[in-house]
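What follows is a single structure, written as structure tokens, with notes after it.
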């Protein structure tokens, strides 16, 4: 099984390491031509969602990836990747250019826990998986969800994990902790 990992910026190498440890092959998606290579699923890593969104457009990758997601390709999105999937960004200025896929009916709040100093580590339940370690770095949280979105994880009464059809999105960074169960659950979706 081959996983396409968006490798424009952010924590993509850490995802690759976990997925390869679980027996998957990874391909780095850096340019539009990489999208023509076959892969079975997609990882949208943490990083800077604004930068990732702009690069996806500038490099001609945005429409192809959005189409793959809408046509059922399994996706694991973490932190900035979750922002890319959100239908609405809390506080988004009307008329600002659209840089996000908008494939999960949810509203997400960027940098919801403050700056780098607001980063933290905890453990909490993820539905169907159990208690997992969670590392939050300048993390968003999901302010609200729409129809068909299953809430997978809540920390301090804030939604930090969801599943919608073929997409799993988390506010935290499972790739930075030794627990690989979230990545295993993702691979089972393929």
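Brief remarks follow.
- Of all residues in the range 116-132, those that are more than 15 Å from residue 157 (Cα to Cα), touching a helix residue (DSSP H, G or I) at 6+ places or on another chain (Cβ under 8 Å) and assigned to a strand (DSSP E or B) total 2.
- Residues of the range 91-128 satisfying the condition of being out of contact with any strand residue (DSSP E or B) (no Cβ under 8 Å at 6 or more places or on another chain) and modelled with pLDDT of 85 or more: 101
- Close pairs (8 angstrom Cβ cut-off, 6 or more residues apart or separate chains): closer than 17 Å to residue 44 by Cα in the range 95-124, part of a loop (DSSP other than H, G, I, E, B) and modelled with pLDDT under 75 anywhere: 110/91
- Candidates 184, 188, filtered to the one that is loosely packed, with under 14 Cβ neighbours inside 10 Å, in contact (Cβ under 8 Å) with a residue 24 or more places away in the chain and within 13 Å of residue 76 (Cβ to Cβ): 184
- Which numbered condition residue 60 misses (of (1) surrounded by 14 or more Cβ atoms within 10 Å (Cβ to Cβ); (2) over 16 Å from the mean Cα position of the chain (by Cα); (3) at pLDDT 95 or above): (1)
- Restricted to the range 33-55, and to residues there that are in a helix (DSSP H, G or I) and in contact with a strand residue (DSSP E or B) (Cβ under 9 Å, 6 or more places away or on another chain), the residue that is nearest to residue 82 (Cα to Cα) is 49.
The values are calculated or read from the model by the stated rules, or taken from the named source; none is laboratory data. Note that the structure is predicted; figures quoted are calculated from it, not measured. Cβ atoms come from the backbone with ideal geometry, glycine included; neighbour counts cover every protein chain shown.
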